[in-house]
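One structure below.
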Amino acid sequence: QLQDRLDAAERQLEKQTQQIECYLTEARTDGLTGLSNRRAFDQRLEEMFVAYRNGGRSFVVVLIDIDRFKRINDTHGHQAGDHVLQQLASFLRTRMDRAIIVARFGGEEFAAIVDGPLRIAAERLNEVRRQIEKERIDVENTSLEVTISIGLSEPREDIVVSPLLRRADESLYAAKNMGRNRVYYHDGRGPTLVGAPEVARESGRS
């Protein structure tokens with residue numbers, strides 16, 4: 001009887017442990033896209049940054065924004081907008097499978113942590129941008145062309161993590177401000193376009 005009670009208690013403990021793990025997973029997952037959420041991203045970024053400050057490996061922060069997302073919502077409705085977010089999240093999960101983390105950062109913005117070096121990471125993300133540009137997302141009877149803008153940065157002589165995010169955000173702003181559908185990276189001196197300027201100008205006119 002004592003063994004039976006011990007076995008029952010062990011099963012109950014295992015069940016409770018599984019429930020706790022499930023709750024923790026839900027707390028760190030974006031309900032719409034299934035990606036990690038902002039909370040999980042911030043925690044992983046802080047862990048990576050602390051490790052870097054203690055002599056660990058460097059890494060690259062990526063911010064991704066869907067171009068003209070408000071127009072999609074206004075024209076096709078919020079359900080269509082949600083569908084675009086889900087499809088793009090699925091695409092990013094597949095095409096960025098080697099990323100340390102891919103997350104929904106908020107609204108129509110995604111974030112990721114990937115391996116460097118910075119310039120190589122930017123070129124890889126530029127290829128992801130090109131692939132997304134070629135895709136079409138079907139919404140009801142409409143096939144939407146969706147493009148993204150991307151900004152990247154890497155840790156430098158930062159004492160805290162906020163300047164790292166600020167540089168990535170400045171790069172993303174440059175990508176949006178210079179016509180969208182492009183990639184910029186910030187090496188500490190300022191945002192730099194990835195790819196030939198004439199290609200960027202053509203994208204800006206389209």
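The values are calculated or read from the model by the stated rules, or taken from the named source; none is laboratory data. As the structure is a computational prediction, the values presented were derived from the model and not from experiment. Cβ atoms come from the backbone with ideal geometry, glycine included; neighbour counts cover every protein chain shown. The accessibility values were calculated without ligands, DNA or RNA, using every heavy atom of the protein model including side chains. Shrake-Rupley method; radii C 1.70, N 1.55, O 1.52, S 1.80 Å.
Some observations on this one:
- Separation in nanometres of the label points that stand 7 Å from Cα toward Cβ, at D187 and T142: 4.1
- Close amide H pairs (under 5 Å, H built 1.01 Å from N) link S36 with D30, V102, R104, residues at least 5 positions away or on another chain.
- Relative to the longest principal axis of the Cα atoms of the chain, the long axis of helix 2-27 lies at roughly 20 degrees.
- Ligands, DNA and RNA are left out, and with a 1.4 angstrom probe the accessible area of the stretch 57-206 is 51 Å² per residue.
- Against the empirical 2.2 N^0.38 Å (N residues), the chain has a Cα radius of gyration ratio of 1.22.
- Potential lengthening of the chain between T75 and R38 amounts to 10.6 nm, from the contour at 0.36 nm per residue minus the alpha-carbon distance.
- Acute angle (nearest 10 degrees) that the helix 162-177 long axis makes with the longest principal axis of the chain, alpha-carbon atoms: 40
- Computed from Cα positions, the angle between helix 38-53 and the longest principal axis of the chain comes to roughly 80 degrees.
- Most mobile of Q18, Q43, Q87 in a GNM of the chain (Cα contacts under 10 Å): Q18
- Signed unit charges on C-beta, dipole axis of the chain, positive-most listed residue I66, Q43, A89: I66
- The magnitude of the dipole of the chain, with charges of +1 and -1 set on the Cβ of Lys/Arg and Asp/Glu and taken from the Cα centre, is near 560 debye.
- Percent RCO, i.e. relative contact order, over the stretch 45-142, from Cα pairs under 8 Å lying at least 6 residues apart: 33
- Rounded FRET efficiency, nearest 0.05, which uses the C-beta distance separating Q1 from R93 and R0 of 35 Å: 0.10
- Dipole of the stretch 100-151, positive end: most advanced residue of V128, P117, L144 [Cβ charges, Cα centre]: P117
- If you take all other residues with their beta carbon under 14 Å from the beta carbon of I100, and give Lys and Arg +1 and Asp and Glu -1, the sum is -1.
- When each of the peptides 141-149, 104-112 is scored by the mean number of other C-beta atoms lying within 10 Å of its residues, the order from highest to lowest reads 104-112, 141-149.
- Listed residues D158, D187, D115, most fluctuating in the chain (Gaussian network, C-alpha, under 10 Å): D158
- In the stretch 124-192, the C-alpha radius of gyration followed by the widest Cα-Cα span (Dmax) gives 14.7, 51 angstrom.
- Estimated vicinal HN-Hα couplings, Hz - the stretch 101-117 in sequence order (Karplus 6.51, -1.76, 1.60; Gly, Pro = x): 7, 10, 9, 8, 7, x, x, 9, 10, 10, 9, 8, 10, 10, 6, x, x
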